[in-house]
Amino acid sequence: MKTPSQLQSRDMVDPRAPIPELKRRGNVARFLSSWSAGIGAAIVIALVLVAIFAPLLAPHNPYEADALTDAFRAPGGSFPLGTDVLGRCILSRIIYGTRISLTVGLVVQGISVLLGVTLGVVAGYWEGFVDDVVSNLTNIMFGFPHLLFALAVVTVLGPGLYNIFIALGLAGWPMIARLVRGQTLSVKRKEYVEAARAAGCTDFFVIVRHILPQCLSPVLVMATMGMAAAILAEAGLSFLGLGAQPPAPSWGSMIARGRDYIWDSPWMTTFPGVAIFVTVLGFNLLGDGLRDFLDPRL
Amino acid sequence: MWRYIVKRVLQSVPVFVGITLIAFILMDIVPGSAVTMMMDPRTAQMSPEVEARLIAHYGLDDPMPIRYGKFLLNAVRGDLGFSLRFNQPVTRIVMERLPPTALLATSAGIFATLLGLAFGIMASLHRGKLIDAISMIGAMVGASMPVFWFGLLLMLFFSVRLGWLPPSGWGSGDVRYLLMPATALGYGFAAVIARVTRSSMLEVLGMDYIVTARSKGLGGRVVIYKHALKNAMIPVVTVIGGQVGRLLSGAVLTETVFAWPGLGRLLVDSVLMRDLPTVQGCLVFIAAVFVAVNLVTDLMYAYLDPRVRFQ
């Protein structure tokens, strides 16, 4: 409980006053001072830059090569990470592959967050029948391991990157829905929500103004970690031949193709794997850092 | 306790029915009938009369709810349908592939639990020290490493470079074949367990009753193992149960890397060959195992934490 004097002193601050620059910088500095958040943010920013400037960074065309002269080249010279079976530059393909992985992370989490937040808020806010339906659906979806659900969807829709978006997006929403539902249920009973309702605010206004902002930080943490999971899952599905189809430079399918030559040309499998590992690590570290920063209790 | 068990068992029934329903609907909306799916139009043609006869023979022209009812009834009885590709009942194919997967998943699970608990406990007892940092960096790496890539790295090192271990196959359960797949699959799982164990232990070690136990003169070991660990295990058990799905997903990839003749490999092959009854059968079977494991986890949870069962 706050004492009246504390409440008053807080209310005295003019909400329109600009946030002091010092404090804002303090927050960013505090966030980045945790080593995990710092490294994670650095990796993610670097990846975004690589994806945007891929044509400038890649030393070769990622799709074309001279298979007669360049195939199976060991790392070195004009091919820093070697070439694949068709003589394509592995470094260039990894650089272009960044675009695929980041797109997968963004689109899949976009779908999951949209579905999860909508269903979670609706279920938590109105309860009753809708809640029963959503909660049961969530429980059922928890019964499917993600990758297996994605496998089933891919069987129906056929392999391909767009189908992976749908498959992983549909698999990812239940975690977010469960979280948002719980949050909605608890916020809904707060006095300020009751006051807003009594003052005649519409349901829509209450949800957008009071409930969603309370869900923002846990959803942000979950979506960041979810990107790591989605990128990992896409790599796995592409490794199985069910994701991005050739000649797309997906890291997972690069490993699958290089696998047969692991005895003589291990660079075909090792380097794309390093790319997946660093990317997933970056998002995991960033998610960890965000969680520590936004919710110090955990 | 019995009331809780009955309630919890009944709760998992709708989940199981829902899973079979989703598996059924997904396979049902695939364009083309199950009969034409098996035919490659480039190599073989089927006359419409034959197709109609086959469809009638397999009961594929019944309305969907009836077909689903039959499917569910048969699944409960242990009949998962018939695979035209193998020309065998799906249940028999699944049972043949089960032992290798069960061996792989349990060894990986045991390996991960031992490793995860050991490092998690050590990290929590030496918070901020070198062993804590090593454990947590190791856990972060494990959580971010693609399981199939880690498997290939192990293969590259131990089979290609050193020649110590056989690179693939399951050798009918020979331990030398098991080492790499179980390590590859277990590492990511161990990482999760280590992290949860550490944070759970840290939380419990800060509780009043631990301080009390220490202040009344109990030795460090007794406090840690008798008072702290038992309570710290509660969230760990939940996480181990919840992560079994990850283990099953990982098994699909691990089996592909090491040519391990298990269920995961069967599932992937069936997806690629569009052998729908087998895909459906594998999905229902794996999901049923997953539901059962979650049920057991929850019951263990209730056993460990009396607060749950008296709610």
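Given the condition within 14 Å of another protein chain (Cβ to nearest Cβ), within 20 Å of A:SER253 (Cα to Cα) and of a type outside the set (D, E, K, R), answer yes or no: does some residue in segment A:134-146 qualify? Within segment A:134-146, one or more residues are within 14 Å of another protein chain (Cβ to nearest Cβ), within 20 Å of A:SER253 (Cα to Cα) and of a type outside the set (D, E, K, R). Which of the residues belonging to segment B:238-250 are in a helix (DSSP H, G or I) and in contact (Cβ under 8 Å) with a residue 40 or more places away in the chain? Within segment B:238-250, B:THR238, B:VAL239, B:ILE240, B:GLY241, B:GLY242, B:VAL244, B:GLY245, B:ARG246, B:LEU247, B:LEU248, B:GLY250 qualify. Picking from residues in segment B:197-237 that are assigned to a helix (DSSP H, G or I) and of a type in the set (D, E, K, R), the one that is nearest to B:LEU114 (Cα to Cα) is B:ARG198.
Looking only at residues of segment A:111-133 that are out of contact with any Phe, Trp or Tyr (no Cβ under 9 Å at 6 or more places or on another chain) and among the small types (Gly, Ala, Ser), we find that the one that is nearest to the other protein chains (Cβ to nearest Cβ) is A:ALA123. Selection of segment B:145-166 for residues being in a loop (DSSP other than H, G, I, E, B) and at pLDDT 90 or above yields B:MET145, B:PRO146.
Of everything in segment A:241-268 that is in contact (Cβ under 8 Å) with a residue 60 or more places away in the chain and of a type in the set (A, V, I, L, M, F, W, C), the residue that is nearest to A:TYR162 (Cα to Cα) is A:ALA244. Taken over segment B:266-276, the residue count meeting the criterion of being surrounded by 23 or more Cβ atoms within 10 Å (Cβ to Cβ), more than 9 Å from chain A (Cβ to nearest Cβ) and at pLDDT below 90 is 1.
Just to be sure before I move on: is A:ALA71 modelled with pLDDT of 80 or more and either in contact with a helix residue (DSSP H, G or I) (Cβ under 8 Å, 6 or more places away or on another chain) or surrounded by 13 or more Cβ atoms within 10 Å (Cβ to Cβ) (or both) in the structure I sent? No; evaluated as a whole, the condition is false for this residue. Out of A:ALA37, A:ALA46, one residue alone is open to solvent by less than 60 Å² (accessible area, probe 1.4 Å), modelled with pLDDT of 75 or more and within 14 Å of another protein chain (Cβ to nearest Cβ). It is A:ALA37.
Which count do you get for residues in segment A:239-263 that are of a type in the set (D, E, K, R) and at the interface with chain B (Cβ under 9 Å from one of its Cβ atoms)? Number satisfying all stated conditions: 1. Residues considered: A:PRO20, A:PRO55, A:PRO59. Of these, the only one that is of a type outside the set (Val, Ile, Thr), more than 22 Å from A:VAL104 (Cα to Cα), modelled with pLDDT of 80 or more and exposed (fewer than 14 other Cβ atoms within 10 Å of the Cβ) is A:PRO59.
Looking only at segment A:155-169, count how many residues are at the interface with chain B (Cβ under 7 Å from one of its Cβ atoms) and surrounded by fewer than 23 Cβ atoms within 10 Å (Cβ to Cβ). Selection size over segment A:155-169: 1. The set of residues from segment B:177-207 being modelled with pLDDT of 85 or more and not hydrophobic (A, V, I, L, M, F, W, C) comprises B:TYR177, B:PRO181, B:THR183, B:GLY186, B:TYR187, B:GLY188, B:ARG195, B:THR197, B:ARG198, B:SER199, B:SER200, B:GLU203.
Scanning segment A:88-114 for residues that are open to solvent by 30 Å² or more (accessible area, probe 1.4 Å) and hydroxyl-bearing (Ser, Thr, Tyr) returns A:TYR96, A:THR103.
With respect to the conditions (1) of a type outside the set (Lys, Arg); (2) more than 10 Å from chain A (Cβ to nearest Cβ); (3) within 27 Å of the chain's Cα centre (by Cα), B:VAL223 lacks only one, and its number is (3).
Restricting segment B:66-125 to residues that are in contact (Cβ under 8 Å) with a residue 24 or more places away in the chain, among the charged types (D, E, K, R) and in a helix (DSSP H, G or I) leaves a set whose member that is farthest from B:SER199 (Cα to Cα) is B:ARG67. Scanning segment A:241-253 for residues that are in a helix (DSSP H, G or I) and among the small types (Gly, Ala, Ser), we see that the one that is surrounded by the most Cβ atoms within 10 Å (Cβ to Cβ) is A:GLY252. Looking only at residues of segment A:254-298 that are among the small types (Gly, Ala, Ser) and open to solvent by less than 20 Å² (accessible area, probe 1.4 Å), we find that the one that is farthest from B:LEU267 (Cα to Cα) is A:GLY289. The single residue among B:GLY169, B:GLY142, B:GLY128, B:GLY188 that is within 14 Å of another protein chain (Cβ to nearest Cβ) and assigned to a loop (DSSP other than H, G, I, E, B) turns out to be B:GLY128.
A search for C-beta distances below 8 Å between a residue of segment B:251-263 that is at the interface with chain A (Cβ under 8 Å from one of its Cβ atoms) and without any contact (Cβ under 8 Å) to a residue 24 or more places away in the chain and any residue that is surrounded by fewer than 24 Cβ atoms within 10 Å (Cβ to Cβ) and of a type in the set (Val, Ile, Thr), counting only pairs 6+ apart in sequence or on different chains, returns B:VAL252/B:VAL268. Inspection of segment B:277-292 identifies no residue that is hydroxyl-bearing (Ser, Thr, Tyr) and surrounded by fewer than 24 Cβ atoms within 10 Å (Cβ to Cβ).
The values are calculated or read from the model by the stated rules, or taken from the named source; none is laboratory data. Bear in mind the structure is a predicted one, so any value in this text is a computation, not a measurement. Heads up, the Cβs are rebuilt from the backbone with ideal geometry, glycines too, and the neighbour counts pull from every protein chain shown. These area figures cover heavy atoms from the full protein model, side chains too; ligands, DNA and RNA do not enter into them. Shrake-Rupley method; radii C 1.70, N 1.55, O 1.52, S 1.80 Å.
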